[in-house]
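Scroll down for the structure; my scribbles are underneath it.
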């Protein structure tokens with residue numbers, strides 16, 4: 001928000017004290033009005049002097065309201081928010097910008113998906129000092145904007161430069177360790193998974209969109225003994241081909257695009273988990289068709305092996321839960337439109353996606369599982385949420401207990417039992 005807008009907002013707050021009175025009436029300034037007038041004058045003086053920002057007064061609500069007002073006439077408000085909120089970082093910190101984002105989401109509930117914004121906020125922070133990109137990752141807040149913050153730091157640091165093989169060798173220790181726990185960084189399972197996914201994007205930047213070299217780096221650096229994050233890394237690499245977002249992303253893959261006429265042959269050139277990632281990430285080419293539930297199933301059934309088919313289904317439900325705007329009615333209708341054997345897992349994947357995008361959605365996830373009951377005799381939905389209780393959250397944290405508390409009995413007790421004793 002620029003200084004002019006902030007001054008205008010302050011004068012609106014001061015306006016009731018400056019209205020003209022009817023002729024013959026005397027102005028009466030009660031003590032509270034005098035205090036308000038003093039505070040407003042102080043804030044105006046701060047703005048004009050270039051002194052401390054309003055963040056010191058904790059007035060994030062005013063920032064959020066101004067952003068919502070700025071975007072009120074936009075044809076698609078989420079895109080406007082994605083553009084306006086990063087501008088606040090000229091005055092407030094990255095962490096505070098995420099706090100303002102939460103308030104914007106409370107004001108306008110249509111803005112539930114802010115992953116792209118998460119990219120932009122951390123990218124802007126990283127641009128201040130690219131050498132501190134790993135520190136920015138450590139500062140990324142949990143449970144907001146689908147962990148887009150982690151991705152943005154990677155992208156900003158490396159999006160504009162490809163590295164020679166020798167330079168990649170030099171950076172390998174950083175690439176191998178950036179997603180691992182260390183002092184000051186204790187990621188949840190979800191945050192760590194998001195980080196390794198972002199590595200796949202990063203490898204495409206540093207190799208100048210060489211998909212085979214990127215996949216090789218994934219296999220080398222995302223495998224941690226008994227913990228294998230390589231397929232998450234594959235996802236990020238293939239996503240860079242099929243889902244470019246920014247001008248730099250489009251420039252990166254120029255001449256290497258894979259269209260609908262070539263995607264089957266392209267993905268068919270890979271096998272196993274690499275092929276599965278390629279086929280799942282190609283969903284934008286089939287977007288309209290996949291809004292029909294049976295077409296989503298058929299898309300995944302085209303993969304030769306059951307593990308890849310199952311993962312494809314889970315991945316696409318992750319995507320289409322967001323595509324349906326996290327709307328419970330739309331999700332329920334979509335899942336109920338599938339053959340019975342797919343319905344329970346459809347609800348389960350959607351419920352886990354809802355809580356993944358924002359930790360405040362615990363009640364919404366539980367509500368969707370309750371709605372799934374007639375189509376989910378095996379309780380796959382609640383079992384999935386139980387798994388996510390210690391994957392999304394640190395067991396025993398406040399967020400963990402808030403999540404458990406949103407579940408009905410006996411799932412609430414089962415969730416609480418996962419806390420450390």
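Computed from the coordinates by the stated procedures, all read-outs in this text should not be read as laboratory data. Given the structure is predicted, the values throughout are model-derived calculations rather than measurements. Positions of Cβ are backbone-derived with ideal geometry, glycine not excepted, and every protein chain shown enters the neighbour counts.
Would you calculate the separation in nanometres between label points at residue 310 and residue 161, each defined as 7 Å from the Cα along the Cα-to-beta-carbon direction?
4.4 nm
Using helices alone, what [θ] at 222 nm do you get for the chain, with -39,500 (n - 2.57) per DSSP H run of 4 or more residues, divided over all residues and rounded to the nearest 500?
It lands at -19500 deg cm²/dmol.
What spacing in nm lies between the two simple spin-label points modelled at residue 142 and residue 412, each 7 Å away from Cα in the Cβ direction?
Placing both labels 7 Å beyond Cα along the Cβ direction yields 2.2 nm.
If I fit a long axis through the Cα atoms of helix 211-221 and take the longest principal axis of the Cα atoms of the chain, what angle between them do I get, 0 to 90°, rounded to 10?
It works out to around 90 degrees.
Take every Cα pair under 8 Å in the chain that's 6+ residues apart, average their separations, divide by the length, and report that relative contact order as a whole percent.
Normalised by residue count, the contact order of the chain is 10 percent.
In vacuum, with every alpha carbon of the stretch 127-257 counted as one equal point scatterer, what does the Debye formula give for log10 I(q)/I(0) at q = 0.17, 0.18, 0.19, 0.21 Å⁻¹? Two decimals, please.
-0.85, -0.97, -1.09, -1.35
Using only the alpha-carbon atoms, how far is helix 60-70 inclined from the longest principal axis of the chain? Give it as 0 to 90 degrees, nearest 10.
80 degrees
How high is the FRET efficiency between residue 254 and residue 394 when r is their beta carbon distance and R₀ equals 45 Å, given to the nearest 0.05?
After rounding, the FRET efficiency stands at 0.60.
To the nearest 0.05, what FRET efficiency results for residue 341 and residue 401 with a Förster distance of 35 Å applied to their C-beta separation?
Taking R0 as 35 Å, the efficiency between residue 341 and residue 401 is 0.50.
At R0 = 35 Å, how high is the FRET efficiency between residue 93 and residue 70 if r is their beta carbon distance? Nearest 0.05 is fine.
It comes out at approximately 0.95.
How many nm separate the modelled label positions at residue 170 and residue 287, each set 7 Å beyond the Cα in the direction of the Cβ?
Label-label distance for residue 170 and residue 287, simple model: 4.0 nm.
Pairing the Cα long axis of helix 362-372 with the longest principal axis of the chain, what angle in degrees results, from 0 to 90 and rounded to the nearest 10?
50 degrees
Have a look at the chain and give its Rg and Dmax from the Cα atoms, expressed in angstrom.
Expressed in Å, the Cα Rg and Dmax of the chain come to 24.3, 87.
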